[in-house]
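Beneath this line is the structure, given in structure tokens, with notes to follow.
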RNA sequence: GCGAGAGUGGCGGAACGGUAGACGCAGUCGACUCAAAAUCGACCGGUGUAGGCCAUGGGGGUUCGAAUCCCCCCUCUCGCACCA
């Protein structure tokens, strides 16, 4: 249902923009690789390809029934070699351009299943299937060098004006530009030839407040310590069981191990500090080592308190006395003045003191000011079957050799088994054994496949020329790209959208496209949620198994057992709180489903799917149809009226105001408001039915009814056509008509209601002409009886008048 | 833990810093009906006999005026790099 909502929103935009005269490309495709297909294969002994294609067929049928105005001639699936072969070409071009790199990194390893686990497959540190304690394991992996583009991925965010501000902020924080210093601490005595430890810090101004140095468990110095100290080795082994996800690392209890090694302070060579291994220091960020200043960093403080390390404040907050200022359980991270800091004393922290500290580090030749990025390169290797094969060959003589272009696509073998643990591509009997394209000797294919984020990082551009023999054709992408309106869930705010932004740049660098930013406009929609239900034995129940009993409580429709109604949450198969779109369409029709989806709430929020809401939408479709039949039955041939009775003028005003209001609502994605305006106009037509019949009112009713159909058409296209065909037998299709324009003169108000306040409290309202002079409005306001009573005995100090809106009297006096 | 959002009647929600609750759902009463459904009409935040007062998660602040802007707090949601 989440997809159905997403595509319904897109279809409204597509139909609306088409009516506004735009040439709209509204395609559909399938992001079809990934874990779910492999999980299904393991659990149900079906082939991932069959499972995937069956799902695609079912979903395609569903979308077609929704009446989406999609260009199906451009459809493709990412699991089709006709698609992923082009992706392999892109990969090879990026490899040649130096945008791909092979290096080692850590993965979650399930020692029992003998397989790499996704973070979501690690539950409380254990493999989801085997229950074994997960270990970190080092593997050689492929990386796309997104960090090369970090500066422009950040700066270009400013140009994405039609993106939600929060998404831009999240991406900026994710890229994480920071200015700080890299500096080397000399070890008091070298270990295994290691003489210094390099540290990155954003707070060189607090160096004099140092109390320890900490390295990541994966840091070479940690390994050196482990080699001579079993305790350190055990601590590192313990850290290896923590998993690789940052959320886990950050929420796990902070722990450390004192290696016994010591480093000299760069500004105070005679003073040394202990070197700890800490489980919260990330090898991937900065240099994998930090200096700890507990007084001015909360995490360092927690660590120092736990292990009894010194806490020395060196930044004095404004108004504090240097003699008495002390740190309790909260680090001071605000601005101040450096003290107890040697040559930094008296400098303003952080800015001035930072600059001075960096200058000194540079003078001493032990460090430098640097810009650091939080963004890491994108590891795309997956040790899995159901993904795009990475098109390289490993040869003992030639090393890594790209698959020749003529041999693309590298196809997945179909005869694979999921009975064995590990990657089916790796233990396939023949697939990986090939001759080296360069020297002809026996060699092996890469058995890793691509992260599915790669598949979804360029599909939007492929729609421009979906059948081309190259990945993209410049003429087509130059014509269509960038995507004018992209719609997706907020859960994609960072990864998918950032990868796509990077990939577009990488495609430009390899000559496939001429733009940098793939999505000019972005809208993030909320999830679809539903109540969840459980039977007496705690098993989850589907909504259509549950009925209301006579006393209003929920019971099982067949067995009558009591049902516990759980919280409203995102639809998921595991909780069975899903609704089948096909069944809804069969029962109520596509327009009802679309109307409910759009009317329920603002599209960027989560929507709750309710039976009552669907029924309400269905009733409205019936009501519109009845109204239309009533209007269609009126005698035709009335001329455009020259003068209007009050009833007809009122209806025409409502019609033209509705045109303006619906247009504005659609432009701003306020589809629920657009729906409300259509309801209002329908209500006005209903009222007009009861008024005395006259030629001008008949004309106004026809106009109003036609506009209801045309304004609702992007949302309920089928009924709109039906209504218009009755109003204008043999006439145009709504889909072929331009979007209606409001007549400002007809929409104009005859009087406006001005609210009258006394000291900001509403005391009455007055009706005035739209252009009435201030003096006139204020006089009318003062004359209003209730206002006059409130003003009695008071002195009016000030009269505030906002034309057409409000008068506010500021008074003084008793009471 | 860190980053980003959200919070308004019984429910979904509306509201350029200017009459809080448009519109819909549910509900109550009435009409129609033998009856029910459908449909149509009226009512529908709380409280008070009333003038009124109280109400937009909680607490402060800015302003003639705050759901809207600022600060602190609470709750929920999304993301945290191998779910996509």
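The values are calculated or read from the model by the stated rules, or taken from the named source; none is laboratory data. Just so we're clear, the structure is a prediction, and the values are computed from it rather than from any experiment. Cβ coordinates were reconstructed from backbone atoms using ideal geometry, including for glycine residues, and neighbour counts include every protein chain displayed.
The C-beta contact set for the range A:225-240 (first residue surrounded by fewer than 13 Cβ atoms within 10 Å (Cβ to Cβ), second residue at pLDDT 90 or above, distance under 6 angstrom, 6+ apart or interchain) is empty.
For the range A:314-332, name all the residues that are in contact with a strand residue (DSSP E or B) (Cβ under 9 Å, 6 or more places away or on another chain) and part of a loop (DSSP other than H, G, I, E, B). Write out each step before concluding.
Going through the range A:314-332, the residues in contact with a strand residue (DSSP E or B) (Cβ under 9 Å, 6 or more places away or on another chain) turn out to be A:314-318, A:320, A:322, A:325, A:332.
Passing the criteria: A:314, A:317, A:318, A:320, A:322, A:325, A:332.
Against the test of being crowded, with 16+ Cβ neighbours inside 10 Å and either within 16 Å of RNA strand B (Cβ to nearest atom) or at positive phi (or both), the options A:520, A:506 yield a single qualifying residue, A:506. Per the listing A:65, A:20, the residue uniquely modelled with pLDDT of 90 or more and within 20 Å of residue A:75 (Cα to Cα) is A:65. When restricted to residues that are more than 30 Å from residue A:337 (Cβ to Cβ) and part of a strand (DSSP E or B), the range A:200-246 contains 1. Considering the range A:433-501, the qualifying helices (runs of 4 or more DSSP H), each wholly inside and each with 3 or more residues that are more than 15 Å from residue A:31 (Cα to Cα), run over A:474-480. Per the conditions (1) out of contact with any helix residue (DSSP H, G or I) (no Cβ under 8 Å at 6 or more places or on another chain); (2) within 30 Å of residue A:436 (Cα to Cα); (3) more than 16 Å from RNA strand B (Cβ to nearest atom); (4) touching a residue at least 12 places away in the same chain (Cβ under 8 Å), the sole criterion not satisfied by residue A:399 is (4). All of (1) away from RNA strand B (no atom under 14 Å from the Cβ); (2) touching a residue at least 40 places away in the same chain (Cβ under 8 Å); (3) within 27 Å of residue A:179 (Cα to Cα) hold for residue A:133 with one exception: (3).
Restricting attention to the range A:758-770, which residues are assigned to a strand (DSSP E or B) and either within 6 Å of RNA strand B (Cβ to nearest atom) or crowded, with 17+ Cβ neighbours inside 10 Å (or both)?
The first filter runs over the range A:758-770 and keeps only residues assigned to a strand (DSSP E or B), leaving A:758, A:761-768.
Once the filter is applied, which keeps residues that are assigned to a strand (DSSP E or B) and either within 6 Å of RNA strand B (Cβ to nearest atom) or crowded, with 17+ Cβ neighbours inside 10 Å (or both), the range A:758-770 yields A:758, A:761, A:762, A:763, A:764, A:765, A:766, A:768.
Kindly provide the set of residues from the range A:15-47 that are more than 16 Å from RNA strand B (Cβ to nearest atom), over 22 Å from residue A:457 (Cα atoms) and surrounded by 15 or more Cβ atoms within 10 Å (Cβ to Cβ), ordered by number. Within the range A:15-47, A:15, A:16, A:17, A:18, A:19, A:46, A:47 qualify. The residues of the range A:792-812 that are outside any strand (DSSP E or B), within 9 Å of RNA strand B (Cβ to nearest atom) and touching a strand residue (DSSP E or B) at 6+ places or on another chain (Cβ under 8 Å), listed by number, are A:804, A:805. Against the conditions (1) closer than 30 Å to residue A:362 by Cα; (2) within 16 Å of RNA strand B (Cβ to nearest atom), residue A:246 satisfies every one except (1). Taken over the range A:593-633, the criterion of being surrounded by fewer than 18 Cβ atoms within 10 Å (Cβ to Cβ), more than 13 Å from RNA strand B (Cβ to nearest atom) and in contact (Cβ under 8 Å) with a residue 24 or more places away in the chain is satisfied by A:632 alone. When residues in the range A:269-295 are screened for being away from RNA strand B (no atom under 14 Å from the Cβ) and not in a strand (DSSP E or B), 4 of them pass. Screening A:779, A:773, A:742, A:735 for residues that are more than 16 Å from RNA strand B (Cβ to nearest atom) and touching a helix residue (DSSP H, G or I) at 6+ places or on another chain (Cβ under 6 Å) leaves exactly one candidate, A:742.
Evaluating residue A:705 against the criteria (1) over 30 Å from residue A:606 (Cβ atoms); (2) without any contact (Cβ under 8 Å) to a residue 24 or more places away in the chain leaves one unmet condition, (2).
With respect to being surrounded by 17 or more Cβ atoms within 10 Å (Cβ to Cβ), within 30 Å of residue A:91 (Cβ to Cβ) and under 25 Å from the mean Cα position of the chain (by Cα), residue A:167 fits the description.
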